[in-house]
Amino acid sequence: MKARSLLTHPVLWAAVVLAGLSVLWTALGAPISLVTQIAIYALYGAGVNLLIGYTGLVPFGASVFFGCASYALAFAIVSVVGNEFAALVLSVVFSMVMALAMGLIILRRRGLYFSLLTLAFSQIAFELAFKWTSVTGGENGIQGIPRPSFGSDMAFHVFTVASVVAGLWFLWRLVHAPFGRVLQAVRDNEQRAASLGYNTYWIKLGSFTLMAGVIGYAGGLLTLMLQGVYANNLSWQHAGDPLLMTVLGGVHHFLGPLWGAIAFIVLENRLSALTENWWLIFAPIIIAFALLSPEGIQGLAQRLLRRERWTLTRAAIPQRPAVIAPYESASIKVDADRPILSVRALSKSFGSLVTAKDIDLDVLPFRLHSIIGPNGAGKTTFFNMLTGVLPPNSGSITFQDRDITGLPMYARARLGISRSFQILSIFPNLTVFENVRVAVQAQRHGISGLIRDAYDLTGINDRTWSILDAVGLADQAAEPCINLPHGAKRLLEIAVTLATDCKLLLLDEPLAGLAEADRQVVAALIRKLADRHAVLLIEHDIDRVLALSDRITVLHQGRLIADGPPAEVGSNPEVIAAYLGAAKDGEAVAAAPAVARTDTTASKPLLVVENIAVGYGGSSVLDDLSLIVREGEAVALLGRNGVGKTTTLRALTGSLAISSGTMRFDGTDITVARTYEINRLGISLVPEGRRLFPNLTVMENLQIAARPGGLSFDDVFELFPRLKTRQRAKAESLSGGERQMAAIARALVMPSKLILLDEPFEGLAPAVVKEVMEALVRLRGKVAMVIVEHHAETVLPMVDRAYVLVNGRVAFDGDAALLEQDHKLQARLLGVVQAEPTPEPVH
């Protein structure tokens with residue numbers, strides 16, 4: 001271990017802090033037991049944080065293990081072993097066995113239900129301990145517990161500090177081991193972890209049991225320190241103590257429980273000496289930290305030092321190889337003429353909404369088999385049934401002659417079925433490297449190993465680098481993926497999917513949101529994968545689907561309406577009518593309304609942005625950006641993935657602070673305004689991904705947003721007739737196109753002067769794109785619009801002016817018609833070849 005790594009090692013810092021407190025307390029002549037208690041509660045909090053910070057579960061009643069292990073040690077040392085060390089071991093074993101039994105029951109529930117169930121168990125244990133006087137001593141507890149191996153409080157203190165540091169070392173090793181790394185993936189995205197082949201239920205049960213073991217050891221230490229055991233540690237009044245200490249110190253920091261324990265115990269000791277109502281003083285301190293520093297004491301220190309990041313694990317990733325081996329997928333060995341996947345009479349409905357009806361389908365290996373259809377056809381629902389996300393109402397799914405209809409998702413993944421998701425499904429708080437590495441680990445190593453560092457698995461690291469290099473993300477491997485632009489996240493989603501050595505690859509709109517350069521790279525990769533695997537693809541880019549696919553299946557309203565070679569399917573009249581929006585019998589498709597561009601230069605400037613700079617985590621995304629939007633004007637914001645288009649919208653809406661520059665809207669300075677203040681001034685956002693409230697109906701989503709001055713419900717229903725028929729449907733049951741219409745309608749029922757639309761056509765079928773475009777054209781002149789879109793040819797005909805960003809700067813600012821007609825300029829600014837250096841702005 002390098003000297004720098006050793007000096008920054010959190011376990012070493014814990015040892016130094018506890019040793020320093022011991023020396024200070026001794027020098028002051030104060031009872032050393034207070035520092036002993038701090039050490040014990042630091043381990044108690046660290047055990048709880050294994051569940052909160054690393055696994056994403058919040059136990060309100062972890063005190064059940066702390067208190068019960070205390071009694072277990074007392075009974076063991078008095079009646080069974082008569083030795084402190086053996087009694088500590090027994091208390092740990094007892095706590096873990098109890099956690100295993102409890103976890104089998106309560107881990108079948110999530111969120112608040114899980115939290116309350118742990119509290120219920122703790123309260124049951126308290127009632128037993130308090131009222132079973134003949135065994136537990138009731139209110140008086142069990143006193144006079146012998147401690148023969150320790151002749152003084154100082155001797156026991158030294159043992160406690162040493163064993164607590166050892167416990168923290170074990171936890172540090174655990175969270176860097178293959179098992180601990182997977183815990184963090186489960187915390188971030190349990191469904192994605194399951195899709196990689198991890199049994200998340202057993203993983204959470206393992207974490208729950210290990211937490212109980214750590215807490216049980218801390219509880220045993222407390223009994224030895226007090227030389228007695230009492231029921232109050234089990235009561236609901238003390239159930240929140242470890243949770244409070246962990247949050248106070250910083251739940252996203254390994255040493256957070258230590259800082260929280262020091263603050264909690266010292267303040268309790270000092271304040272309780274002043275008044276018995278010490279909580280009236282302590283509570284405002286907790287409230288202040290919750291409001292001013294959600295990341296706790298360590299987060300506050302980081303903010304002051306401007307080094308904000310989670311410290312649950314090391315920040316470093318394995319060293320990049322000098323030469324990265326090219327990515328090669330392992331070819332499967334199956335009969336090329338025998339279906340690898342067969343579906344028979346598969347059906348699914350949500351109430352009266354039928355999303356799949358009697359689908360029969362065979363998927364052959366070494367083929368690129370695409371599934372197309374308009375929005376709402378049931379494509380993603382079909383994928384969800386194939387992978388175990390949703391159970392079918394009827395029918396069967398056979399994979400390599402095995403019926404998998406009832407298998408859970410992780411079991412199907414282990415058999416060799418891997419998938420990507422339509423809506424990005426990655427691990428946002430892990431690095432790019434760790435996202436892919438944990439996926440590679442699923443197939444090649446699993447979760448075995450509680451102490452070995454996962455980054456020492458060289459074969460897994462090399463495979464990870466190969467996959468990252470294949471999708472063009474090797475240079476961003478150390479970046480937290482929450483900071484990536486949308487296009488890079490989509491590439492990461494594909495990389496995670498490729499990481500599993502699968503037999504059948506299901507890709508749900510893998511090209512959505514990608515620039516043309518990335519589309520070409522990913523399309524070529526998919527075509528290459530189809531030569532070695534079976535690939536089932538959902539994609540709205542019909543031209544690319546027809547060019548790439550060996551076979552195409554078309555779904556419409558949950559029914560399979562066509563299946564065959566691309567040329568045959570592409571000329572099928574029913575497919576043209578359903579997917580492309582053409583009428584049957586050769587009727588012509590209605591043309592989109594013509595856009596009469598007007599000179600807007602004389603119009604009053606509505607939004608003025610001057611020289612703003614914006615970034616994430618210290619890295620710059622926008623640099624010296626300026627733009628103007630005038631009243632009633634439609635403006636396109638174009639650029640390749642990662643140039644800062646979505647970042648610009650986030651800055652305009654106040655959800656991302658700017659580091660320099662100014663922004664004015666309708667004469668009001670909004671540079672430091674909050675999001676809700678900006679919205680009330682008249683800027684509304686239609687975000688990428690729509691972000692509707694899924695459990696509310698369409699009408700309820702609109703009612704929440706509606707304010708006087710916005711369009712009436714009748715007006716938006718006239719604009720989007722489809723929403724009127726779906727107004728009582730929950731947002732979660734809408735198709736992608738319907739969700740986009742609802743998101744635009746939500747912005748319109750507010751009194752908006754400027755609407756920001758982030759990729760409004762992403763993932764929509766051509767017929768739906770046309771419907772949305774017609775609505776936007778009707779809005780021209782009534783409200784100003786800024787449209788972010790990666791397909792210039794789609795948006796340029798319907799806007800007045802355009803901005804093109806390159807490397808966070810404006811490279812073009814001018815008439816949209818000029819850019820639309822100048823294909824060479826488009827190629828230079830938006831094409832496959834990256835323009836280096838950043839072009840001078842074109843006006």
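The values are calculated or read from the model by the stated rules, or taken from the named source; none is laboratory data. Note that the coordinates shown come from a computational prediction; the quantities given were computed from them, not determined experimentally. For neighbour counting, all protein chains shown are included, and Cβ atoms are generated from backbone atoms with ideal geometry for every residue, glycine included. Just so you know, the surface numbers come from the protein's heavy atoms only, side chains and all, with ligands and any DNA or RNA stripped out. Shrake-Rupley method; radii C 1.70, N 1.55, O 1.52, S 1.80 Å.
Results, tabulated for the structure shown:
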| quantity | calculated |
| --- | --- |
| Residue match in the stretch 333-355 (condition: in contact with a helix residue (DSSP H, G or I) (Cβ under 7 Å, 6 or more places away or on another chain), in a loop (DSSP other than H, G, I, E, B) and over 30 Å from residue 45 (Cα atoms)) | no |
| Close pairs from the stretch 271-299: first farther than 15 Å from residue 259 by Cα and open to solvent by 50 Å² or more (accessible area, probe 1.4 Å), partner at pLDDT below 85 and in a loop (DSSP other than H, G, I, E, B), Cβ under 8 Å, at least 6 apart | 272/278; 281/275 |
| Of all residues in the stretch 536-561 being within 19 Å of residue 494 (Cβ to Cβ) and part of a helix (DSSP H, G or I), the one that is most open to solvent (accessible area, probe 1.4 Å) | 547 |
| Failed item in (1) on the phi < 0 side of the Ramachandran plot; (2) of a type outside the set (A, V, I, L, M); (3) out of contact with any Lys or Arg (no Cβ under 8 Å at 6 or more places or on another chain), with residue 398 passing the rest | (3) |
| Condition check for residue 281: within 25 Å of residue 51 (Cβ to Cβ) and over 23 Å from the mean Cα position of the chain (by Cα) | no |
| Pairs with Cβ under 7 Å, 6+ apart, first in the stretch 333-351 and of a type in the set (S, T, N, Q), second assigned to a loop (DSSP other than H, G, I, E, B) and open to solvent by less than 40 Å² (accessible area, probe 1.4 Å) | 347/392 |
| Test: residue 411 is open to solvent by less than 30 Å² (accessible area, probe 1.4 Å), closer than 25 Å to residue 436 by Cα, modelled with pLDDT under 95 and outside any loop (DSSP other than H, G, I, E, B) | yes |
| Some residue of the stretch 377-400 being in contact (Cβ under 8 Å) with a residue 60 or more places away in the chain and in contact with a His (Cβ under 8 Å, 6 or more places away or on another chain) | yes |
| Whichever residue in the stretch 48-69 is among the small types (Gly, Ala, Ser) and not in a helix (DSSP H, G or I) and, among such residues, is surrounded by the fewest Cβ atoms within 10 Å (Cβ to Cβ) | 56 |
| Considering residues of the stretch 441-486 that are in a helix (DSSP H, G or I) and farther than 20 Å from residue 196 by Cβ only, the residue least open to solvent (accessible area, probe 1.4 Å) | 474 |
| Strands (runs of 3 or more DSSP E) enclosed by the stretch 616-702 - at least 2 residues per element that are in contact with a strand residue (DSSP E or B) (Cβ under 9 Å, 6 or more places away or on another chain), open to solvent by less than 20 Å² (accessible area, probe 1.4 Å) and under 20 Å from residue 776 (Cβ atoms) | 619-630, 634-639, 683-686 |
| Residue in the stretch 798-805 that is buried (at least 21 other Cβ atoms within 10 Å of the Cβ), touching a strand residue (DSSP E or B) at 6+ places or on another chain (Cβ under 8 Å) and more than 24 Å from residue 822 (Cα to Cα) present | no |
| Wholly enclosed strands (runs of 3 or more DSSP E) of the stretch 774-818 bearing at least 3 residues closer than 16 Å to residue 761 by Cβ | 784-788 |
| Residue 179 touching a Lys or Arg at 6+ places or on another chain (Cβ under 8 Å) and either modelled with pLDDT of 95 or more or surrounded by 21 or more Cβ atoms within 10 Å (Cβ to Cβ) (or both) | no |
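For every residue, the table says whether it meets (1) closer than 24 Å to residue 135 by Cβ; (2) part of a helix (DSSP H, G or I); (3) among the aromatic types (Phe, Trp, Tyr).
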| residue | (1), (2), (3) |
| --- | --- |
| 37 | no, yes, no |
| 46 | no, yes, no |
| 71 | yes, yes, yes |
| 93 | yes, yes, no |
| 96 | yes, yes, no |
